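**Student:** I'd like to ask you about the structure that follows.
The values are calculated or read from the model by the stated rules, or taken from the named source; none is laboratory data. Keep in mind it's a predicted model, so treat the numbers as computed, not measured. Don't worry about glycine lacking a Cβ; one is built from the backbone with ideal geometry, like all the others, and counts go over all protein chains shown. SASA here: full protein model, heavy atoms, side chains in, ligands and nucleic acids out. Shrake-Rupley method; radii C 1.70, N 1.55, O 1.52, S 1.80 Å.
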Amino acid sequence: MVHIQHTSPPIQAQAENDDQDKWSSKKYVKNASFVPVLGAPVVQLLDPQPHEHILDLGAGDGILTLDLEKRCKSVVAVDASADMIRAAQEVGCQDARVVDGHDLVDHELANGQFDAVFSNAALHWMKRDPIRVIQGVSKCLKPNGRFVAECGGFMNCAEVRGALHAALRKRGHNPEDYDPWFFPGPKTYRKMLEDNGFQVESMDLIPRLTELSTDIAGWVDTFGFAFLAPIEDEEERKRIVREVQETLSFSCDDGAWYIMYVRLRFKAIKA
Ligand SMILES: C[S@@+](CC[C@H](N)C(=O)[O-])C[C@H]1O[C@@H](n2cnc3c(N)ncnc32)[C@H](O)[C@@H]1O
């Protein structure tokens, strides 16, 4: 029996994490519109069916959620960022809620009612306890339900990550304390899934040279904010961003900036 709420909770009720929310839906649209566009192969791997109920984990501003809504019976979009969920509601997502992936395991959504959990470009941000996230996904799924996702994989964005590490280390900070990403290799993530009751159907590590819709500075501003947390002085933050861009000047070709993304794409079944 499926109990899917088809209206989102009021936006005001979700704004309580605004102070800690470093995600900006405006910056995301301006600097990262390629992310949902490049999620098309993951939707293809999901192969959503008209009768299905799907959970979109780390749904962001809801662009892929809207696409899923057209193909299946219902979609619940969850994301830890109130600003992103507000944007998802504004574009018309039927049910978009502020939920941290780590909290799914104890959440009312975790009652085995979903045919599939989908996630694009979000799992690697759930670094605090990735196993807890997998356990939450499992509790949301029906038996034989599928978990289909793509996230950053081993060596993802290594050049910009390395430049950010070097900039922090130079200033006396340990970058490991601020690095927000978990980029697992396929063997590591397969084992985590299998240890938590999933059978892995496919698991691919896919290098993808990605043209940005901004430069490195815009990318760092949109995605690298966690590295700048220990730097209080605004001018020093700007210097770091400039420094990272200069270090990576080789990644500009004919006016366009590139980052070497490496994606981990998988399909796993709740055994
Ligand atoms: C790069 S965006 C991807 C958004 C969307 N899936 C897409 O393809 O456009 C990553 C998203 O993960 C969300 N996120 C980060 N940490 C999270 C967490 N712990 N729980 C749920 N969502 C999280 C962010 O708020 C952000 O919206």
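**Student:** Any residue in the stretch 91-99 that is open to solvent by 50 Å² or more (accessible area, probe 1.4 Å), charged (D, E, K, R), at pLDDT 95 or above and within 12 Å of the ligand (Cβ to nearest atom)?
**Tutor:** First pass over the stretch 91-99, keeping only residues open to solvent by 50 Å² or more (accessible area, probe 1.4 Å): 91, 94.
Checking the rest, the ones that are also charged (D, E, K, R) come to none.
Taking every residue of the stretch 91-99 in turn, none turns out to be open to solvent by 50 Å² or more (accessible area, probe 1.4 Å), charged (D, E, K, R), at pLDDT 95 or above and within 12 Å of the ligand (Cβ to nearest atom).
**Student:** Just the residues that are more than 7 Å from the ligand (Cβ to nearest atom), surrounded by fewer than 24 Cβ atoms within 10 Å (Cβ to Cβ) and part of a helix (DSSP H, G or I), please, taken from the stretch 57-77. Can you show your working first?
**Tutor:** Taking the stretch 57-77 as the starting set, the residues that turn out to be more than 7 Å from the ligand (Cβ to nearest atom) are 62, 65-77.
Keeping just the survivors that are surrounded by fewer than 24 Cβ atoms within 10 Å (Cβ to Cβ) gives 66-74.
Within the stretch 57-77, L66, D67, L68, E69, K70, R71 qualify.
**Student:** Moving on to the next point. Can you find even one residue in the stretch 138-153 that is at pLDDT 95 or above, assigned to a helix (DSSP H, G or I) and within 14 Å of the ligand (Cβ to nearest atom)? I'd like the intermediate steps shown before the answer.
**Tutor:** Step one: list which residues in the stretch 138-153 are at pLDDT 95 or above, which gives 138-153.
Filter once more, so that each one left must be assigned to a helix (DSSP H, G or I): 138-140.
The next check asks that each one be within 14 Å of the ligand (Cβ to nearest atom); those that pass are 140.
Yes; the residues of the stretch 138-153 include at least one that is at pLDDT 95 or above, assigned to a helix (DSSP H, G or I) and within 14 Å of the ligand (Cβ to nearest atom).
**Student:** Just to check your reading of the model, which residue among F118, F114 is in contact (Cβ under 8 Å) with a residue 24 or more places away in the chain, touching a helix residue (DSSP H, G or I) at 6+ places or on another chain (Cβ under 8 Å) and closer than 24 Å to Y261 by Cβ? Show your work before the answer.
**Tutor:** Values: F114 fails: closer than 24 Å to Y261 by Cβ.
Of F118, F114, the one residue that is in contact (Cβ under 8 Å) with a residue 24 or more places away in the chain, touching a helix residue (DSSP H, G or I) at 6+ places or on another chain (Cβ under 8 Å) and closer than 24 Å to Y261 by Cβ is F118.
**Student:** Please verify whether V29 is of a type in the set (V, I, T), open to solvent by 10 Å² or more (accessible area, probe 1.4 Å), more than 9 Å from the ligand (Cβ to nearest atom) and within 26 Å of V220 (Cβ to Cβ), treating the condition exactly as stated. Full working, then the answer.
**Tutor:** On the way: of a type in the set (V, I, T): yes; open to solvent by 10 Å² or more (accessible area, probe 1.4 Å): yes; more than 9 Å from the ligand (Cβ to nearest atom): yes; within 26 Å of V220 (Cβ to Cβ): yes.
Yes.
**Student:** Restricting the stretch 100-119 to residues that are open to solvent by less than 20 Å² (accessible area, probe 1.4 Å) and within 11 Å of the ligand (Cβ to nearest atom), which is farthest from the chain's Cα centre (by Cα)?
**Tutor:** Looking at residues that are open to solvent by less than 20 Å² (accessible area, probe 1.4 Å) and within 11 Å of the ligand (Cβ to nearest atom), I get L104.
**Student:** Take D47 and decide whether it is of a type in the set (D, E) and within 15 Å of the chain's Cα centre (by Cα). Spell out the reasoning first.
**Tutor:** Details: of a type in the set (D, E): yes; within 15 Å of the chain's Cα centre (by Cα): no.
Criteria not met by D47.
**Student:** Residue check, A122 against (1) more than 19 Å from the chain's Cα centre (by Cα); (2) buried (at least 22 other Cβ atoms within 10 Å of the Cβ), all met but one. Which one?
**Tutor:** Of everything listed in (1) more than 19 Å from the chain's Cα centre (by Cα); (2) buried (at least 22 other Cβ atoms within 10 Å of the Cβ), A122 misses just condition (1).
**Student:** Determine the pairs where a residue that is closer than 30 Å to G136 by Cβ, located within the stretch 246-271, has a partner that is among the acidic types (D, E) and at pLDDT 95 or above with Cβ atoms under 6 Å apart, the partner being 6 or more residues away or on another chain.
**Tutor:** R263/E150; R265/E150; R265/D204; K267/E201
**Student:** Listed residues A256, A229; which is within 18 Å of W181 (Cα to Cα), surrounded by fewer than 20 Cβ atoms within 10 Å (Cβ to Cβ) and of a type outside the set (S, T, Y)? Outline the logic, then answer.
**Tutor:** Values: A256 fails: within 18 Å of W181 (Cα to Cα).
One residue alone meets the criteria, A229.
**Student:** Would you mention how many residues in the stretch 175-223 are open to solvent by less than 20 Å² (accessible area, probe 1.4 Å) and of a type in the set (D, E, K, R)?
**Tutor:** So the answer is 1.
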